[in-house]
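Structure first, then comments.
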Amino acid sequence: MKIKRLAVIMAIAAFLASWTLQADEAIVYTVVEGDEIHTIAGEYDVLVEDIIISNGLETEELEVGMVIYIPPQHARGYYDPEDGTYLIAPGDDLFAIAERFGTTVDVLQQANGLDSSDIEAGATLRIP
């Protein structure tokens, strides 16, 4: 009985560990009948805006069969589309920000006059 219990606990721990690892990577999601962007965002604990920006969407409308990317838990600072700036959030790094906006670290560094990949929460970046 103890072996069975231990096996169940280990399986649950492995599942939770794999779920946690996925939070650091974009998740590929295929929209199914009845899905709404708000529900998907809540399920993955991201903002609707994060999904819209990560997928280059212009509206919150999703179509059945559409493949979207759920952004990682980092690179979740505020993007202002009016002036094309991004407010760096705690835990952000240039690589994750570049992935979120479909660009590269080099492009972000050049656009912002950065000599290194060091950034600070609260600072702003221009997103080209």
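The values are calculated or read from the model by the stated rules, or taken from the named source; none is laboratory data. Fair warning: this is a prediction, and the values are worked out from it, not measured in the lab. Don't worry about glycine lacking a Cβ; one is built from the backbone with ideal geometry, like all the others, and counts go over all protein chains shown.
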Item to check | Matching entry among Pro90, Pro128 (being touching a Leu at 6+ places or on another chain (Cβ under 8 Å) and either among the β-branched types (Val, Ile, Thr) or in a loop (DSSP other than H, G, I, E, B) (or both)) | outcome: Pro128
Checklist entry - Which of the residues belonging to region 1-41 are at pLDDT below 90 and either outside any helix (DSSP H, G or I) or of a type in the set (Ser, Thr, Tyr) (or both)? => result Met1, Ser18, Thr20, Ala23, Asp24, Glu25, Ala26, Ile27, Val28
Checklist entry - Among the residues of region 88-127, which ones are without any contact (Cβ under 8 Å) to a residue 60 or more places away in the chain, within 17 Å of Ile52 (Cα to Cα) and not polar (S, T, N, Q)? => result Ala96, Ile97, Ala98, Arg100, Phe101, Gly102, Ile127
Checklist entry - Which one is surrounded by the most Cβ atoms within 10 Å (Cβ to Cβ) among residues in region 93-118 that are within 18 Å of the chain's Cα centre (by Cα) and not in a helix (DSSP H, G or I)? => result Phe101
Checklist entry - Out of region 75-106, which residues are out of contact with any Pro (no Cβ under 9 Å at 6 or more places or on another chain) and among the hydroxyl-bearing types (Ser, Thr, Tyr)? => result Tyr78, Tyr79, Thr85, Tyr86, Thr104
Item to check | Residue that is modelled with pLDDT under 90 and in the same structural domain as Pro128 (by TED's automatic domain parsing), where the choices are Tyr69, Tyr78, Tyr44 | outcome: Tyr78
